[in-house]
Protein chains: 2
Amino acid sequence: MVFRPAARTDVNRSAILAQLGAHGPASRADLARVLDVSPALMTQLTRDLLADGLLQELEQAPSQGGRPARMLGIVSTAGHAIGVKVVLDHVAFVEVGIDGAVLRSASEPFDASSSTFLAELTVLLRRFIAGGSSTPVLGIGIGVPGSVDNQGSGLVDSAQLGWSQVPLGATLQRELDLPVLVENNVNALAMAERLYGVGRRHDNFLVVTIGTGVGAGIVVDGAVLRGFSGGAGEVGHIPVTEDGPVCSCGNRGCLEAYIGEAALLRSARTAGVLGAQGGMTALGAAADAGNTAATAIFGQAGHRLGRALAGVVHTLDPEIIIVLGEGTSAWKHWSFAFEVALRSALMPSRRQVAVAVENWQDESWAQGAAALVLATPFDSDGLAGDQGRLVRARLVEQSAPQEAGS
Amino acid sequence: MVFRPAARTDVNRSAILAQLGAHGPASRADLARVLDVSPALMTQLTRDLLADGLLQELEQAPSQGGRPARMLGIVSTAGHAIGVKVVLDHVAFVEVGIDGAVLRSASEPFDASSSTFLAELTVLLRRFIAGGSSTPVLGIGIGVPGSVDNQGSGLVDSAQLGWSQVPLGATLQRELDLPVLVENNVNALAMAERLYGVGRRHDNFLVVTIGTGVGAGIVVDGAVLRGFSGGAGEVGHIPVTEDGPVCSCGNRGCLEAYIGEAALLRSARTAGVLGAQGGMTALGAAADAGNTAATAIFGQAGHRLGRALAGVVHTLDPEIIIVLGEGTSAWKHWSFAFEVALRSALMPSRRQVAVAVENWQDESWAQGAAALVLATPFDSDGLAGDQGRLVRARLVEQSAPQEAGS
DNA sequence: TAGGGTTTATTTAGTCCTAAACAAAGGGGA
DNA sequence: TCCCCTTTGTTTAGGACTAAATAAACCCTA
């Protein structure tokens, strides 16, 4: 009922870092305009960041009709973040700079259903961090396929991993003595998209991922919508038909049971496009080669996705839909049927909703997870809670050691 | 990207009025707890409200282990708000006290498709206001079936009314010289529910209305979700089948084309339950009397609604669904099939989502619209913009005229 | 009846932000 | 060359909120 004072908004400082990281140096006035805050506040925030050693004045002065701007740039040695993607059979790690760029990545086999998976993950993480650059680790962001109570405590429920109330965040915090932020993988991706991607220019958008599963990250008024129990965005389980195939959630006819990777492969096998051991790459190759049964499978998937998302668009009224995920490698075969199904199921006034498909890379999931660290280091009482404060503490402590003696 | 300072949070003051109005007198400490703000702020806010003459100290002192509380109550003569419901063939007005209670209501025939409907509405509104109580009118809230760019400017698009870019808010502001807030009718209802209803105790909920159309008001983290163009919540146009009946939006197979009032009546006529001129009351009566064809029609509607809302629940993860609208008069016939369809289409972890059906009255729509005025009088730069400031100005000016000479 | 515990209310200091006034540093035209 | 205009950056005053200390008013028990 009552509005709180905007989640301890030192988030702004990481927004400055993100902006400079993604777009290169800028003046204070530019930053104030882009980030939509007052110039006065920008002066203040940049003063802090300069004092903390995270920013530097670049002394450039290309005049532009008035007083020339003093450009500000990131001090890239101030620190880096670790991003982790956890799935059933492996984990992927990335190390990203303070500007969000990937510096290093790795992938390791992992068994999420093992009884000692927490210990194993700790070991793998320690090893990856040990092999890293000399700049300080600001924190660890972890993306999981499932719902998370809140980013700071990191209590995970995941049908896909077979996890129930797993204290992932708390355990890793204790073991590694570093700030750890856990979030649903799609929400993490939405956060990254908001900071570094197309979402930077939009306040209301949808990040839809296709691949093994189907999910959505929802950004409303600039913030990721988590819902009551942190489980918003499960669009893969929107019911599509009354008596469809059984889904991993136990119900019948979910969207994911039609267009998830497993479902597409099953269709391909019954249609004779694939043998018993062919995978998604083979199916994509078949479609590329003009196999009509293969293109039909993708086309049907596009159609189903389009109709289901029409419902979501009617519900949320986003400005743009961003499609991501492993499944986008074959997007050209989904695209046409998707567009037709989506637009024709939308009310006339919504037909202009934009659709963007971004370049997908193997490490994108882990990179998204790292954005958790870079996005919330200062947000002391928001999503990240205590962990945000810890990240900030590390940043200041490492980059301005000369102040430690005072 | 950057968080603003929580929408000029004098909203809190109207929250205090709403709380006291709905729940009777309370102490400052109680208010601080219920509204979740610091006692310090409560002292400050109530000081202002007392000075403005909107609150009075009741000098009561029922002790409770410690220092006895000084209760605060609303000065109900400080002003009232007008709520207006606009539909195709009539308008309904209510006058509500500063505590949200309905003082007076009226309904007038109206033709939204007439070329002079703006002038007619002005006349009707003037007449209703003139017949009202002597306390000052704080503002006018208007609920329309359609999307509104923002509450302050009140530019309306409505397929149902045949309106395109109608400057409803601006026109009435000019003609009546009063603050006017325009909002989608379901969003207004959600706001009222948040202030006075079940939603007071929840931060994430869904208000679903059934009647002529089907709509949803979405409240996330305590605020009404409006979407990019103010059109969120159009759940009536979620596609349900590929080749269903034609909907008012022009598409086929929308939820509303199955369970809207017109669709139910059509089904009843083809099933022979109703003659050519029977209405919803007759259909409800038939079901009450045990007519199995009639109960089956409601049951099917409940089933369809349940499945569609399962998708919405997966998308938004609300804590509770509140069902409202004219259609709830026959809810007992929807209920069973609805519950079964909803729960069985939900993932196991979501099955506990609560469903509440609130008592529906004729004037509820208009009452919801009035909540716009009572909820946003102080929110100077939020949804209501200028109009919010104007409401506040009227409140202070009217209730503390002795300060006018200073 | 004095003192400790509780609950209520206010004050104080401080954070995060804005708006508005101001200062600083250029450009270009009369 | 001087003045005006534009853009950048800073300072100042103030609003909205919080946490923590304090005061105020009651209860109960020893």
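The values are calculated or read from the model by the stated rules, or taken from the named source; none is laboratory data. Keep in mind that this is a model prediction, so the values were computed, not measured. Glycine also receives a Cβ, built like all others from the backbone with ideal geometry; neighbour counts cover every protein chain displayed.
Table for the structure above
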quantity	calculated
Per-region count, segment B:232-259, residues surrounded by 22 or more Cβ atoms within 10 Å (Cβ to Cβ) and either closer than 19 Å to B:Leu324 by Cα or basic (Lys, Arg) (or both)	12
Some residue of segment B:43-52 being part of a loop (DSSP other than H, G, I, E, B), in contact with a helix residue (DSSP H, G or I) (Cβ under 9 Å, 6 or more places away or on another chain) and within 15 Å of DNA strand D (Cβ to nearest atom)	yes
Exclusive hit being part of a loop (DSSP other than H, G, I, E, B), small (Gly, Ala, Ser) and surrounded by fewer than 23 Cβ atoms within 10 Å (Cβ to Cβ), set B:Ser164, B:Ser113	B:Ser113
Index of the failed condition, A:Gly213 passing every other in (1) surrounded by fewer than 20 Cβ atoms within 10 Å (Cβ to Cβ); (2) at negative phi	(1)
Residue match in segment A:247-255 (condition: within 23 Å of B:Asp221 (Cα to Cα), within 13 Å of chain B (Cβ to nearest Cβ) and at pLDDT below 90)	no
Residue check, A:Val91 surrounded by 18 or more Cβ atoms within 10 Å (Cβ to Cβ), outside any helix (DSSP H, G or I), within 26 Å of the chain's Cα centre (by Cα) and within 16 Å of DNA strand D (Cβ to nearest atom)	no
Only listed residue being more than 14 Å from every other protein chain (Cβ to nearest Cβ), crowded, with 23+ Cβ neighbours inside 10 Å and either away from DNA strand D (no atom under 16 Å from the Cβ) or among the hydrophobic types (A, V, I, L, M, F, W, C) (or both), chosen from B:Ala106, B:Ala101, B:Ala69, B:Ala81	B:Ala81
Residue under evaluation B:Glu242, criteria (1) without any contact (Cβ under 8 Å) to a residue 24 or more places away in the chain; (2) away from chain A (no Cβ under 13 Å), criterion not met	(2)
Residue in segment A:25-35 that is outside the structural domain of A:Glu120 (by TED's automatic domain parsing), part of a loop (DSSP other than H, G, I, E, B) and buried (at least 16 other Cβ atoms within 10 Å of the Cβ) present	yes
Residue satisfying condition, being surrounded by 18 or more Cβ atoms within 10 Å (Cβ to Cβ) and among the small types (Gly, Ala, Ser), within set B:Ala296, B:Ala345	B:Ala345
Which listed residue, of A:Cys254, A:Cys249, is in contact with a His (Cβ under 6 Å, 6 or more places away or on another chain), assigned by TED's automatic domain parsing to the domain that holds A:Ala310 and touching a residue at least 40 places away in the same chain (Cβ under 8 Å)	A:Cys249
Selected residue (only one of B:Gln165, B:Gln160 is within 12 Å of another protein chain (Cβ to nearest Cβ) and without any contact (Cβ under 8 Å) to a residue 60 or more places away in the chain)	B:Gln165
Residue that is within 22 Å of A:Ala308 (Cβ to Cβ), out of contact with any Phe, Trp or Tyr (no Cβ under 7 Å at 6 or more places or on another chain) and away from chain A (no Cβ under 14 Å), where the choices are B:Gly260, B:Gly272	B:Gly260
Matching residues, segment A:40-70, being of a type in the set (Ser, Thr, Tyr) and more than 10 Å from DNA strand C (Cβ to nearest atom)	A:Thr46
Among (1) at positive phi; (2) in a helix (DSSP H, G or I) - the single one A:Gly272 does not satisfy	(2)
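Residue-wise test of (1) of a type in the set (Gly, Ala, Ser); (2) surrounded by fewer than 24 Cβ atoms within 10 Å (Cβ to Cβ); (3) touching a residue at least 12 places away in the same chain (Cβ under 8 Å); (4) outside any helix (DSSP H, G or I).
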residue: B:Val156; (1), (2), (3), (4): no, no, yes, yes
residue: B:Arg174; (1), (2), (3), (4): no, yes, no, no
residue: B:Glu183; (1), (2), (3), (4): no, no, yes, yes
residue: B:Ala190; (1), (2), (3), (4): yes, no, yes, no
residue: B:Val207; (1), (2), (3), (4): no, no, yes, yes
residue: B:Val219; (1), (2), (3), (4): no, no, yes, yes
residue: B:Gly230; (1), (2), (3), (4): yes, yes, yes, yes
